[in-house]
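First up is the structure itself, then whatever we jot down about it.
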Amino acid sequence: MKKKRKVYPDDDGRVIAKMNVEGMPFYNPNAPKSGEEPTNKHPLPKPSFRETWRLIMDAYAAVMPVALLFIAAFALLIVFMVFVWFK
């Protein structure tokens, strides 16, 4: 009896890691080699300039609060060292 395979809506058929290893019980010598691409590959659409710009700005928006927190902590350390510790 053959096992049913789960079908995921976001599965595009790409292989992350080839598991066809010689010596394993499931080895298939007729499988495509690691450098070969599947023939039914659909290329991803290229993002527009606005989409690319939006992704860059979202990345900055995610990183800036953390960066500002580190900069503020470093500034407070310098102020503490100058006015309290080295006095």
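The values are calculated or read from the model by the stated rules, or taken from the named source; none is laboratory data. Computed from a predicted structure; not experimentally measured. Glycine gets a Cβ as well: all are built from the backbone with ideal geometry, and neighbour counts include every protein chain shown.
Observations on the structure shown:
- Checking each residue in segment 1-25 for being of a type in the set (D, E, K, R), over 18 Å from the mean Cα position of the chain (by Cα) and under 23 Å from PRO43 (Cα atoms) picks out only LYS18.
- Boolean, PRO47 is surrounded by 10 or more Cβ atoms within 10 Å (Cβ to Cβ) and modelled with pLDDT under 95: yes
- Residue within segment 27-43 that is surrounded by 10 or more Cβ atoms within 10 Å (Cβ to Cβ), modelled with pLDDT of 80 or more and not in a loop (DSSP other than H, G, I, E, B) present: no
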